[in-house]
1. Across the range 63-74, in residue order, what do the Karplus-derived ³J(HN,Hα) couplings come to in whole Hz, using 6.51 cos²θ - 1.76 cosθ + 1.60 with θ = phi - 60° and x for Gly and Pro?
2. Which of the lysines could a cross-linker bridge to Lys144, judged by Cα under 27 Å and excluding same-chain residues fewer than eight apart?
3. Can you bin the range 261-327 into rounded, prolate or oblate? Criterion: square roots of the alpha carbon gyration tensor eigenvalues sorted a ≥ b ≥ c, rounded for a/c under 1.5, prolate for a/b above b/c, oblate for the rest.
4. Hey, what angle do you get for helix 185-198 against the long axis of the chain, alpha-carbon based, 0 to 90 degrees rounded to 10?
5. Please compute the Kirkwood hydrodynamic radius over the chain, one decimal place, Å, based on all pairs of different Cα atoms.
6. For the chain, what is the charge dipole size about the Cα centre, in debye to the nearest 20, if Lys and Arg each add +1 at the Cβ and Asp and Glu each add -1 at the Cβ?
7. Rounded to the nearest 500, what is the chain's calculated 222 nm mean residue ellipticity when only DSSP H runs of at least 4 contribute -39500 (n - 2.57) each, over all residues?
8. Go through the range 293-307 residue by residue and turn each phi into a ³J(HN,Hα) via Karplus (6.51, -1.76, 1.60, θ = phi - 60°); whole Hz please, and just put x for glycine and proline.
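Just so you know, all these numbers are worked out from the coordinates, no wet-lab data involved. Worth saying up front: this structure is predicted, and the values here are computed from it rather than measured. With ideal geometry, Cβ positions are generated from the backbone for all residues, glycine too; neighbour counts draw on all protein chains shown.
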Amino acid sequence: MSVPWPGALFALNRPAERVVFATCYKWFLMNMAPMTETGKRAYPRPSTYSIVAFDRESKSLGIAVQSKFISVGSVVPWASWDSGAIATQAYANTSYGPAGLQLLRNGHAPDYVVKKLVSADRGREHRQIGIVDRKGRASTFTGKKCMDWAGGVNGDGYAAQGNILVGQETVDAMARTFENSRAEFPERLIECLHAAQKAGGDRRGMQSAAILVVKNRGGYAGFNDRHIDLRVDDHPKPIEELERLFRLYELIMLPEKDGEALRIDGEVCMKLQRNLSRLGFYDGPADGRMNRSLDRALNHYISTNNFENKKTRQGQVWRTVLDYMVKDKRKKV
């Protein structure tokens, strides 16, 4: 059997590691992929558009991707704060992810990394890859046998690419949006997906989407770099669903940056009393005056919904928490 050799192999230094890696990879190719009528192994191709990017202000790296392919977030995005971000797609060689990140970590530029990865891969003409490093240098590659329309563009701090698209306008829309948007970095990435879809997107339709953002100590409690890692595996409107998940994640996990802290008195106080009563957290009067019962109810609501990041000084509430509460329909169990 002719085995497409993984680009990660050259990144392994010890002979024993190479033997184990090669054996496992060959077993996967021989046993896990479905057979075609001609007796060859067939793999589904993620028809995909993606952007990999670096944000100089927050020192974050990220990838956003949409595809007519189930669970695209399990295949395409790879990132590490100490090296860069990579999207590997089309007839994806997922070994490009860890191998490419290691090469970036060793100080190599994205152009070199792309050449190194594809030169070691006999299936290179079926691959597509985008890379950005911690300096904002970017590179993109599309193999000659990727299905039309396929291609990419890169600029300062980003690379945008796609395959099986309506046309080039899809990747151009991502590039323009990234260059011109003034939104926070994760929102810019999601805006790029919206713009790509509006420009035509994947010509087979939509199914899944994902966003991955890494930054130094940006993960849960600061223990790792995984700042945002959200996936929509199967949905008729995956980008909209991804944005909904991000808004919820932002509320629960990310600290307020430029939010509005509201003083709890008058109309704000009455709104809290009415809604906390409706949701089963408060049984006092709705008189617009702060009291201990309301304070306990608000703290109980915040802890029940994991909004500890949104606690503020006593006598205040973030507008984002109040807005969520007004829309909340889940009563206390």
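1. These are the phi-based 3J(HN,Hα) values: 9, 10, 8, 9, 7, 8, 6, 5, 6, 4, x, 8 Hz.
2. In chain and number order, the partners are Lys26, Lys40, Lys68, Lys115, Lys116, Lys198.
3. Because its axes are fairly even, with a/c under 1.5, the range 261-327 counts as rounded.
4. Helix 185-198 sits at roughly 70 degrees to that axis.
5. When all Cα pairs of the chain are included, the Kirkwood radius is 21.8 Å.
6. 600
7. Using -39500 (n - 2.57) per qualifying helix, the result is -11000 deg cm²/dmol.
8. Result, ordered by residue: 4, 5, 4, 5, 5, 5, 5, 5, 5, 4, 6, 4, 9, 6, 9 Hz.
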